[in-house]
1. Against the longest alpha carbon principal axis of chain A, how many degrees, from 0 to 90 and to the nearest 10, is the axis of helix A:379-390 turned?
2. Based on the Cβ-Cβ distance of residue B:103 and residue A:92, what FRET efficiency does E = 1/(1 + (r/R0)^6) give at R0 = 35 Å, to the nearest 0.05?
3. Exposure proxy check: B:102, A:553, A:276 ranked by fewest other beta carbons within 10 Å?
4. Which ordering of A:522, A:24, A:299, A:129 is given by a fewest-first count of other beta-carbon atoms within 10 Å?
5. Give the separation of the Cα centroids, region A:463-537 to region A:1-25, in Å.
6. What angle do you read, to the nearest 10 degrees and between 0 and 90, between the alpha-carbon axis of helix A:55-65 and the longest principal axis of chain A?
7. Sticking with the crude label model, points 7 Å out along Cα→Cβ, report the distance from residue A:365 to residue A:394 in nm, one decimal please.
8. Along each of the three principal axes of the Cα atoms of region A:502-547, give the extent in whole Å, ordering the values from largest to smallest.
């Protein structure tokens, strides 16, 4: 059931208990986890934090801890599947689920005792009403029993009356069965419509921050983490632009509230204090920690608008830089060492030139943080750094090791880790850019009818990087955008994309991910989750639907062909 | 040259940084004691000779050997005393049960001394702090908070805390636990204090 008063029904319940926190592996979950940990530290709530990467992990973690803990808090996992059936818990285990995955499974919504959903109800959930899906089957059986009872009782009656009773009873039964079949057909239809599209709701970090705010325990650190959580949803394209803007406005109110201090000559804040500011900043990834040139080349938006994989594109870039009057030498330098005169009006200058070249949305609303003399970060910088750390394939470390490192980099005292993350993110972005360029130039994206398909071969450089879902998401979105910009086929521009990359060479598996078509006003609803399930069933391919996002699966290499064929027939 | 062996003992102890206890150098001590015995016997004979025959030119060598003896004595005393100090520090660091590899480094007498020290410390701790006594080996630095956040560095299995609840310590899980229960495990290296 949905929790109406998050403070009374969640926090006050767990504050005197010991809690197990099961946290999924994405940045929004990490941020929500940090906010909740800070609240728990305030109130001395004993907890255990266990990172989980998929359903199997969740099951194992639950089994290990179910003896010791009664209260489980699941962050960014568990809402879109019937949790009680998957985990088979005891009667007294209570689950608090704060998850952005939609649609929420109907069993989770209508369970009153064990499942509490920490989800805002104005999130356009569209949950079907109770009577449409659940029905008391006992009434029907009783009515049937009565009728047959009447029949047997009626045997003592004279035969004329008995026949009439029989006919009436039979008619009633037939009527009831017809009504039930109709009801069941309508139920299947309603459920199908409800569960067909997968999308994401309000950021978990934002929900946790609002809990902190309601209790007046919110701090600037928590606000910064919720900003990072929201930005993660935007960077990995999980929410539509309108929702992002609305949530930014909400956060902007909190930021103004925290910045409300009489700062003037006498009472200025120390430079070491943390300041969060609203910025209408450029959509160039990591540009303040890189050189401007590199950032323009490796940002999805600019690279696709200029088509930087072609020679014409490179020329256009040079024209763009010349138009702004920026010398190449300056632009290739590290941003911090650029001339002050250039840096002063950089954003406005770039925006002006960008509109001339057809890039109207080069600026985006976001927030930046500033503490100490050297440390300035935009929210998207931190998101990229944390995502790079979370999916670091350079050393052979387990996913939980990486989770811990990424969790650490969000604290302000671990700046070296954050800088390491930024370096890894730069490498990742360069790898993505090169892979996209090679895919477009070698026409690796094929149209299969109802969707586009791209398969990364094993020998591709940096292909190990793309065996992780977040990196693969960035690559797929970038690739789709680039394809849409470069193709002339009008029909292909509105097709969704399925991306496959090698996952484990020894076991012969690939990771397959589907993303919705690219459009300006898309609502980011993804139907590939159900499609993959059905295709796997019908071809009995060996698949593993382990990720919390149902649109990402693992598949055996050999079954790839028949799986794709099944998908094509299913979707055409 | 005389006294080199004893200085060798001191150097060995000095080389092993602060707090580490090297193996008890039974051999070294024995050699030094033998040297001392040899010197003493030579001195005895020389003193007798000097007394009986009045050979006063033996006096400087007697004095020399005597100062060597004193030096050896001082070195051995320093060696033994420093080891005792290190063993005492071990009680504060590891608690009353020492890891087996450290126990092998101690000789029987040192073990005896350690047990006596443990007993004295325990008696003292029982006598202060009211009825149950006060464990002064906890909280060596003033604690900042009742509960601390710890991260598990290796799989340690189940761990029971005061109110009977059991926590599963798995690698890379984080826990928020009472400080006094975690200190032992932090010292053993199973848990790591996370400062955010």
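1. Approximately 70 degrees, to the nearest 10.
2. So, using R0 = 35 Å, E works out to roughly 0.15.
3. So the residues, fewest neighbours to most, are B:102, A:276, A:553.
4. The most exposed by this proxy come first: A:129, A:522, A:299, A:24.
5. Cα centres, region A:463-537 to region A:1-25: 35 Å.
6. The two axes meet at around 80 degrees.
7. 3.6
8. 41, 24, 15 Å, listed from the longest principal axis down.
Where a number appears in this text, it was derived from the coordinates with a stated rule and is not lab data. Since the model is a prediction, treat every value here as computed from it, not as a measurement. Cβ atoms come from the backbone with ideal geometry, glycine included; neighbour counts cover every protein chain shown.
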